[in-house]
Amino acid sequence: MNEPTLSVVIPAFNESKRIGGTLREVLDFLKTRPFSWEVLVVDDGSTDDTAALVEGFAQESAGAIRLVRVPHGGKGWAVRHGMLAALGQFRFLCDADLSMPISEVERFLPPQCQDYDIAIGSREAPGAKRIGEPAYRHLWGRLFNLLVRLLAVPGISDSQCGFKSFRSPVAERLFSVQRLRGFSFDAEVLFLARKMGLRVVEVPIDWYFRQESRVRMLRDGPRMVRDLVLVRWWHLSRQYQDS
C-alpha cells in the first residue's frame, strides 16, 4: 500500500453500539477530501461484536479501513499498536465516541496547522468550546491536568483530549518507547516528546461531552495518578531507551 497522507487511528473496546455510526461519519467525511487516507480500528480484545462490525466495513471499503486485533490491554496499549501499524504521513488519534466532529481533523493538517511534530486537540486553548460537559467532570479534568503539569508536562493546558496528530517519524519513535497501557498514556507520550525536544502545539477544538465515556473518576483516577509517578520513576531510573 502506498503511503497515505492521513491515517485515522481509532482504539476500540466493546464499542459495538457506536462504532458503526462512527465509521460511517468518518468515511462520509474523508471521501470528500482531496488527500489520500486510511482508517485503522484497533480492537482491544473486545468481547462484543466490535471486531465483526469493523470487518464488515473493511470488506466494503476496499482496503481503506483496516482492523487491527490485539489482546485486551487498555487504551494506551491499543493506541501504541495502531500508531505503529499506520502508514500515513500524519497519524491522527481519534476517540471512538467522536466527541470532536471528524470534520475538525483539518485543523490538525497543513495548511491550517504547520511546523509541528505533535498537534494535540485542546478544550482549553483560546477559541475552544466545551459542549454539554457537567461541572464535576470539568473539575476532575482540570485537577488531573494540574497533576500532569506538575509531574510530567508543564505548560500543556489539556493533555488528555483524545484527538492528537503525529507526523509519521515522530509516531514511530514515540510509540516504540511508550510503556503505559491505560488512560494516562497521553501524558507519558507528551513527557517523552518534551524529553526528545519535539515541537508540540495545542489546537482549539469543539468538544462534545459523551455520557458513555470509558473513564471513571473513582476507578481510574488513582491509577492515572500512579501512572504519572511511574513515568517519573522510569525516567529517573533510565528505563526509557530512546529518549
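The values are calculated or read from the model by the stated rules, or taken from the named source; none is laboratory data. All of these numbers come straight from a predicted model, not from anything done at the bench. We place every Cβ from the backbone using ideal geometry, glycine too, and count neighbours over all the protein chains shown. In case anyone asks, the SASA skips ligands and DNA or RNA and just uses the protein heavy atoms, side chains included. Shrake-Rupley method; radii C 1.70, N 1.55, O 1.52, S 1.80 Å.
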Residue pairs qualifying under the 7 Å Cβ cut-off, at least six apart or on distinct chains, with the first in the range 175-187 being closer than 13 Å to His235 by Cβ and the second being in a loop (DSSP other than H, G, I, E, B), are Val177/Tyr240; Val177/Gln241; Val177/Asp242; Val177/Ser243; Ala187/Ala152; Ala187/Val153; Ala187/Ser159
Residue set Phe29, Phe92; condition buried (at least 20 other Cβ atoms within 10 Å of the Cβ) and either free of Cβ contacts under 8 Å to residues at least 40 places away in the same chain or not charged (D, E, K, R) (or both); output residue Phe92
Over the range 46-81, the set of residues open to solvent by less than 60 Å² (accessible area, probe 1.4 Å) and among the acidic types (Asp, Glu) is Asp48
All conditions in (1) farther than 23 Å from Gly21 by Cβ; (2) open to solvent by 30 Å² or more (accessible area, probe 1.4 Å); (3) assigned to a loop (DSSP other than H, G, I, E, B) are true of Leu84 except (3)
- Please work out if Leu192 is open to solvent by less than 10 Å² (accessible area, probe 1.4 Å) and either modelled with pLDDT of 95 or more or among the charged types (D, E, K, R) (or both). yes
Within the range 1-48, the residues that are assigned to a loop (DSSP other than H, G, I, E, B) and under 27 Å from Phe183 (Cβ atoms) are Phe13, Asn14, Glu15, Ser16, Lys17, Arg18, Gly45, Ser46, Thr47, Asp48
Checked the range 169-189 for anything small (Gly, Ala, Ser), buried (at least 20 other Cβ atoms within 10 Å of the Cβ) and not in a loop (DSSP other than H, G, I, E, B); matches are Ala171, Ala187
Within the range 102-120, residues more than 22 Å from Val68 (Cβ to Cβ) and within 14 Å of the chain's Cα centre (by Cα) come out as Ala119, Ile120
Within the range 138-168, the residues that are within 22 Å of Ile10 (Cβ to Cβ) and either open to solvent by less than 10 Å² (accessible area, probe 1.4 Å) or part of a helix (DSSP H, G or I) (or both) are Gly141, Asp158, Ser159, Cys161, Gly162, Phe163, Lys164, Ser165, Phe166, Ser168
